[in-house]
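Undergrad: Handing you a structure now.
The values are calculated or read from the model by the stated rules, or taken from the named source; none is laboratory data. Predicted, not measured: the structure shown is a model, and the values here were computed from it. Cβ sites come from the backbone with ideal geometry, for glycine too, and all protein chains shown count toward neighbours. Heavy atoms of the whole protein, side chains included, go into the accessibility calculation; ligands, DNA and RNA do not. Shrake-Rupley method; radii C 1.70, N 1.55, O 1.52, S 1.80 Å.
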Amino acid sequence: MTAVTARLAPGVSSIPAAEWDACAGDNPFVGHAFLAALEASGSVGGRTGWQPVPLIVDGDDGAAAAVAPAYVKTHSQGEYVFDHGWADAWSRAGGNYYPKLQVAAPFSPVPGPRLLLCDPAAGPKLIAALEAVTDQHGLSSAHATFVTPEQVPLFEAAGWLIREGTQFHWRNRGYATFDDFLATLASRKRKAIRKERAAAVDGLTIRHLTGAEIGPREWAAFWRFYQDTGNRKWGQPYLTRAFFPLLGEALGDRVLLILAERDGVAVAGALNLIGGDTLYGRYWGCTKEVPFLHFELCYYQAIDAAIARGLGTVEAGAQGEHKLARGYEPVPTWSAHYLPDPGFRAAVADFVARERAAVEQEQAYLGELTPFRRGGGAAC
């Protein structure tokens with residue numbers, strides 16, 4: 001390959017939004033607004049262990065041909081593709097796994113482009129630049145997580161290891177209403193969902209808010225919800241209080257906040273971002289435990305919102321086999337990994353191959369557990 005000239009920037013905020021977004025496409029999690037809000041709010045940078053080092057490959061005309069949302073990481077938190085075992089093995093062998101290079105949308109297990117290409121031919125150059133940064137700075141490895149299937153072959157051709165995972169997504173098959181979706185399910189599953197929904201919203205008011213409808217009061221309520229979930233799941237929240245209003249200001253009507261209120265007081269909420277054809281469910285929390293309310297706000301209300309907007313997919317976050325019974329189907333996810341040390345790479349390659357066989361076997365099994373009717377019989 002011919003020599004590649006690339007530059008590292010001190011943050012996405014240092015790059016003009018128009019220049020970045022010309023390459024980023026319509027996935028909000030790699031857009032300038034989202035990534036810059038993470039930086040401005042202190043959610044990345046400083047002592048967070050996520051040091052922004054976006055990488056830019058310029059074209060012959062001097063404009064960016066490709067960019068990558070890259071971070072130097074000193075831990076493996078907030079990634080949702082777990083490599084703690086790799087870190088432990090490398091440490092036992094006498095190596096330092098951290099720092100490493102991470103190409104990702106921080107704290108967001110959302111499939112999307114990780115090679116942001118203004119020039120489609122610049123993909124191999126950007127991968128070569130990521131490898132050069134890893135090698136020249138003595139980093140143990142480079143990782144691109146939640147890569148779109150279309151970009152996996154680019155990493156594979158460059159010799160990166162490809163790791164497979166599983167998420168659960170809801171597909172809109174031309175439904176005009178939620179009842180249209182329910183009609184495709186087996187009778188028992190359909191009745192169970194109706195019962196769950198009725199119990200969840202009993203005595204509550206559900207509000208869908210976007211753009212200017214989300215004010216300081218709503219953001220303050222959601223921050224309480226987010227803290228509660230963060231404290232229970234991972235010890236401390238990854239995102240700062242300042243991030244959410246910054247995100248709302250930057251993305252406007254692409255932010256959908258679903259609140260559950262009792263007597264005018266918000267008791268739970270789910271935050272979503274709206275992409276070109278996808279509703280991305282991201283954060284949820286509550287101050288009062290209500291049976292099935294998590295399913296209602298995060299899954300069923302998200303389906304309602306997607307149908308109303310004509311969106312094709314709901315992505316409701318990482319893991320969660322409980323989503324199966326609610327009409328979300330297993331789909332593969334992908335990550336790519338560059339490990340310069342030959343011995344370490346060989347060990348990880350063996351692990352990844354064995355893991356993939358198990359993941360694909362599990363996906364086939366889970367695919368048989370979806371709640372959809374078999375044989376197309378009439379709904380009742």
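Undergrad: Pick from Gly138, Gly94, Gly85: which is closer than 26 Å to Ala347 by Cβ, open to solvent by 10 Å² or more (accessible area, probe 1.4 Å) and assigned to a helix (DSSP H, G or I)? Step through it out loud before you land on a result.
TA: Details: Gly138 fails: assigned to a helix (DSSP H, G or I); Gly94 fails: assigned to a helix (DSSP H, G or I).
After applying the criteria, what remains is Gly85.
Undergrad: Is one or more of the residues making up the range 197-204 touching a Cys at 6+ places or on another chain (Cβ under 8 Å) and surrounded by 15 or more Cβ atoms within 10 Å (Cβ to Cβ)?
TA: First, pick out the residues of the range 197-204 that are touching a Cys at 6+ places or on another chain (Cβ under 8 Å): none.
Scanning the range 197-204 turns up no residue that is touching a Cys at 6+ places or on another chain (Cβ under 8 Å) and surrounded by 15 or more Cβ atoms within 10 Å (Cβ to Cβ).
Undergrad: Of the residues that sit in the range 32-47 and are without any contact (Cβ under 8 Å) to a residue 24 or more places away in the chain and not in a helix (DSSP H, G or I), which one is surrounded by the most Cβ atoms within 10 Å (Cβ to Cβ)? If you could, list the steps in order and put the result at the bottom.
TA: To start, the set of residues in the range 32-47 that are without any contact (Cβ under 8 Å) to a residue 24 or more places away in the chain comprises 32, 46-47.
Adding the requirement that they be not in a helix (DSSP H, G or I) leaves 46-47.
On the way: Gly46: 10, Arg47: 8.
Here the answer is Gly46.
Undergrad: Could you list all residues from the range 107-132 that are surrounded by fewer than 24 Cβ atoms within 10 Å (Cβ to Cβ), of a type in the set (A, V, I, L, M, F, W, C) and farther than 24 Å from Gly42 by Cα?
TA: Hits for the range 107-132 are Leu117, Cys118, Ala121, Ala122, Ala128, Ala129, Ala132.
Undergrad: If you don't mind, another one. When only residues in the range 1-23 that are in a loop (DSSP other than H, G, I, E, B), more than 21 Å from the chain's Cα centre (by Cα) and modelled with pLDDT of 95 or more count, which is surrounded by the fewest Cβ atoms within 10 Å (Cβ to Cβ)?
TA: Here is the first cut: in the range 1-23, the ones in a loop (DSSP other than H, G, I, E, B) are 1-5, 9-11, 15-16.
After this cut, where a residue has to be more than 21 Å from the chain's Cα centre (by Cα) as well, the list is 1-5, 9-10, 15-16.
Of the ones still in play, those that are also modelled with pLDDT of 95 or more are 9-10, 15-16.
Values: Ala9: 16, Pro10: 13, Ile15: 19, Pro16: 10.
Out of the qualifying residues, it is Pro16.
Undergrad: Residue by residue through the range 361-371, note down the ones that are exposed (fewer than 13 other Cβ atoms within 10 Å of the Cβ) and either charged (D, E, K, R) or in contact (Cβ under 8 Å) with a residue 60 or more places away in the chain (or both).
TA: In the first step, residues of the range 361-371 are kept if they are exposed (fewer than 13 other Cβ atoms within 10 Å of the Cβ); the result is 361, 364-365, 367-369.
The answer is Glu368, and nothing else.
Undergrad: Next up: Looking only at the range 66-82, which residues are among the aliphatic types (A, V, I, L, M), surrounded by fewer than 22 Cβ atoms within 10 Å (Cβ to Cβ) and closer than 19 Å to Leu55 by Cα? So that I can check it myself, show each step before the final result.
TA: Just the residues of the range 66-82 that are among the aliphatic types (A, V, I, L, M), to begin with: 66-68, 70, 72, 81.
Now drop any that are not surrounded by fewer than 22 Cβ atoms within 10 Å (Cβ to Cβ), which leaves 72, 81.
Val72 - this is the single residue of the range 66-82 that is among the aliphatic types (A, V, I, L, M), surrounded by fewer than 22 Cβ atoms within 10 Å (Cβ to Cβ) and closer than 19 Å to Leu55 by Cα.
Undergrad: For the range 54-65, which residues satisfy the criterion of being in a loop (DSSP other than H, G, I, E, B), open to solvent by 10 Å² or more (accessible area, probe 1.4 Å) and free of Cβ contacts under 8 Å to residues at least 60 places away in the same chain? It would help to see each step written out before you state the result.
TA: Within the range 54-65, the subset in a loop (DSSP other than H, G, I, E, B) is 54, 59-63.
Narrowing further to those that are open to solvent by 10 Å² or more (accessible area, probe 1.4 Å): 59-63.
Hits for the range 54-65 are Asp60, Asp61, Gly62, Ala63.
Undergrad: For the range 251-273, does any single residue satisfy the condition of being aliphatic (A, V, I, L, M), under 22 Å from Gly31 (Cβ atoms), within 21 Å of the chain's Cα centre (by Cα) and outside any strand (DSSP E or B)? Lay out the reasoning, then the answer.
TA: Initially, the range 251-273 is screened for residues aliphatic (A, V, I, L, M), giving 251, 255-260, 265-268, 270-271, 273.
Okay, now just the ones that are also under 22 Å from Gly31 (Cβ atoms), so 251, 255-258, 270-271, 273.
In the following step, the residues that additionally are within 21 Å of the chain's Cα centre (by Cα) were identified as 251, 255-258, 270-271, 273.
Now restrict to residues that are outside any strand (DSSP E or B): 251.
Checked against the condition, which is being aliphatic (A, V, I, L, M), under 22 Å from Gly31 (Cβ atoms), within 21 Å of the chain's Cα centre (by Cα) and outside any strand (DSSP E or B), the range 251-273 yields at least one hit.
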